[in-house]
Amino acid sequence: MASLLRNWRVLGALLLASGLVIGAYAAARSGSHPRVAEASTETALLQQIATQDSDGDGLPDWEESLYGTDPHLVDSKSLGMTDGEAVIKGLIVPKAVADIPAPAAGATPSAVVDGVPAPAPGSLTDVFAKNFLVLYLNAKQANGGAALSEQDTTNLAQKAVNQLTSSIAPVADFKSMADLAISGSGPDALRTFAVVAEAVMSKNTVSSSKSELLYLQDAIQNKDEAALAHITSIAGSYRATAAGLSVLPVPRELASDYLVLINALARVGEIATDFSHVTTDPLATMLALTQYPQTVLVLANSFIHIHDIYKAAGIEFAPGTPGASFVNVIPDIAASQKAEAAQPQP
């Protein structure tokens, strides 16, 4: 059992190494494009989720979710030792193990007791715990019942991570080209469309002072539960905007990039939703963080391409005029960041 317990710690490191697109994300940026999101922020938050230990008991918070222990109590099971020590001694086992039907009469019962928060049923964390147990038991059976070596258990953890990531990817696009209503072309159609698209975006805008990523940072670093509500609201805004834009008749010139825009908005909404589950499904949040930079980059590039199409057609919108907010999203962000950078630092 000790080998099984050690594998949960391996997972944190493996998740940090698998699926990250930080290098590609940075390389894909050109100097003319604005800094839409900082890759280093996602990396730092991912690292923090994997290592955060709120009660200092030697068991990271996300592991406490798997074991069914309380991340805010040093001795969740009243065993006279820290949860981390109890895990090492095999006195606390993963929730998936504890949920196995009771052994035959006379066998020593598990030290795990009910009543302590555990991963939400059906959550990615819960599913992973159960799948990992199956892998472990099968590997041990194939090994004649003998304990697995450290290398074997590390390989098993890697296999579990690979199965987890492959089970949730690729995510189907929200819409296909066949779902779009393509209507009209030319300057007049483009101008009219920009105004209507801006109205949809404005309708679904939520009042928030930060991005979903910075609210996640608040939730993790400052234990700010209100930040999770903000993330949920932002996630709903992304999804509602994608849905509203998807039913608009779009000029032929914009169709391809507009489809990318809609799907990217919907995907960021899904990712933000996973951010909001950081306390109940930490593995889902960790994997969402690995997908976030590239998705935001796709979203930004779609807005850039749409702006370029309008520019090539000789159409410009002065700041504050109807349609300007839709066409000039990225230039406006770039100008805002430039202005912030020019402000004297306190």
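In the list Ala194, Ala227, which residue meets the criterion of being under 30 Å from Gln48 (Cβ atoms) and open to solvent by less than 30 Å² (accessible area, probe 1.4 Å)? None of the others qualify; the one that does is Ala227.
Output yes when any residue across the range 324-333 is more than 20 Å from Ala242 (Cβ to Cβ), at pLDDT 90 or above and over 21 Å from the mean Cα position of the chain (by Cα), and no when none is. Yes, the conditions are met somewhere in the range 324-333.
Where residues in the range 28-75 are hydrophobic (A, V, I, L, M, F, W, C) and open to solvent by 20 Å² or more (accessible area, probe 1.4 Å), which of them is modelled with the lowest pLDDT? Among those that are hydrophobic (A, V, I, L, M, F, W, C) and open to solvent by 20 Å² or more (accessible area, probe 1.4 Å), it is Ala28. Any residue at all in the range 264-272 that is open to solvent by 40 Å² or more (accessible area, probe 1.4 Å), modelled with pLDDT under 95 and acidic (Asp, Glu)? The answer is yes, given that some residue of the range 264-272 is open to solvent by 40 Å² or more (accessible area, probe 1.4 Å), modelled with pLDDT under 95 and acidic (Asp, Glu).
For Thr232, the test of being part of a helix (DSSP H, G or I) and open to solvent by 20 Å² or more (accessible area, probe 1.4 Å) is passed. Filter the range 240-259 for residues that are in contact with a Ser or Thr (Cβ under 8 Å, 6 or more places away or on another chain) and either open to solvent by 60 Å² or more (accessible area, probe 1.4 Å) or outside any helix (DSSP H, G or I) (or both) and give the result. Scanning the range 240-259 gives Pro249, Val250, Pro251, Arg252, Glu253.
The residue list Val296, Val206, Val278 contains one member that is of a type in the set (A, V, I, L, M), in a loop (DSSP other than H, G, I, E, B) and within 29 Å of Asp61 (Cα to Cα), which is Val278.
Residues that are in contact (Cβ under 8 Å) with a residue 12 or more places away in the chain, surrounded by fewer than 20 Cβ atoms within 10 Å (Cβ to Cβ) and either touching a Phe, Trp or Tyr at 6+ places or on another chain (Cβ under 6 Å) or assigned to a helix (DSSP H, G or I) (or both) within the range 308-323 comprise just one, Ile309. Residue count for the range 197-224 under the criterion of being open to solvent by 70 Å² or more (accessible area, probe 1.4 Å) and of a type in the set (Gly, Ala, Ser): the result is 3.
Of all residues in the range 157-192, those that are within 32 Å of the chain's Cα centre (by Cα), modelled with pLDDT of 70 or more and part of a helix (DSSP H, G or I) total 4.
Remark: pairs (first residue in the range 225-247, more than 15 Å from Ser202 (Cα to Cα); second residue among the small types (Gly, Ala, Ser) and open to solvent by 10 Å² or more (accessible area, probe 1.4 Å); Cβ separation under 6 Å; 6+ apart in sequence or on different chains) = Ala227/Ala219; Leu228/Ala219; Leu228/Ser276; His230/Ser208; Ile231/Ser276; Thr232/Ser276.
Every condition in (1) modelled with pLDDT under 65; (2) surrounded by 11 or more Cβ atoms within 10 Å (Cβ to Cβ) holds for Lys140 except the one numbered (1). The one condition from (1) modelled with pLDDT of 80 or more; (2) part of a loop (DSSP other than H, G, I, E, B) that Pro344 does not meet is (1).
The values are calculated or read from the model by the stated rules, or taken from the named source; none is laboratory data. This is a predicted model, so every value here is computed, not measured. We place every Cβ from the backbone using ideal geometry, glycine too, and count neighbours over all the protein chains shown. SASA here: full protein model, heavy atoms, side chains in, ligands and nucleic acids out. Shrake-Rupley method; radii C 1.70, N 1.55, O 1.52, S 1.80 Å.
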